[in-house]
1. Has the range 28-37 got any residue that is of a type outside the set (K, R) and outside any helix (DSSP H, G or I)?
2. Do we have L35 as modelled with pLDDT of 95 or more and out of contact with any Pro (no Cβ under 9 Å at 6 or more places or on another chain) here?
3. Tell me the residue from A6, A30, A16 that is surrounded by 10 or more Cβ atoms within 10 Å (Cβ to Cβ), modelled with pLDDT of 95 or more and of a type outside the set (V, I, T), please.
4. What are the pairs with Cβ atoms under 9 angstrom where one residue, in the range 4-16, is not hydroxyl-bearing (S, T, Y) and the other, located anywhere, is not in a helix (DSSP H, G or I)? Sequence gap at least six, or different chains.
5. Out of all the residues in the range 11-36, which are within 11 Å of the chain's Cα centre (by Cα) and of a type in the set (A, V, I, L, M)?
Amino acid sequence: MLGTVAGTYISTTTLASLVLGVVMFVCVAAVLITLILKSQ
């Protein structure tokens with residue numbers, strides 16, 4: 001039982017980290033694109 005809970009918890013935190021990473025990447029990409037477009 002405890003192993004299942006731990007596995008689920010690890011999966012959830014990993015998924016959350018992955019989503020956070022993707023969101024951060026998209027934000028950085030959007031800022032870079034905006035800067036590039038403004039500089040032209």
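1. Scanning the range 28-37 turns up no residue that is of a type outside the set (K, R) and outside any helix (DSSP H, G or I).
2. Yes, satisfied.
3. A30
4. none
5. Scanning the range 11-36 gives L15, A16, L18, V19, L20, V22, V23, M24, V26.
The values are calculated or read from the model by the stated rules, or taken from the named source; none is laboratory data. Here the structure is a predicted model, which is why all the values come from computation and not from measurement. Virtual Cβ from ideal backbone geometry, glycine too; neighbours counted across all protein chains shown.
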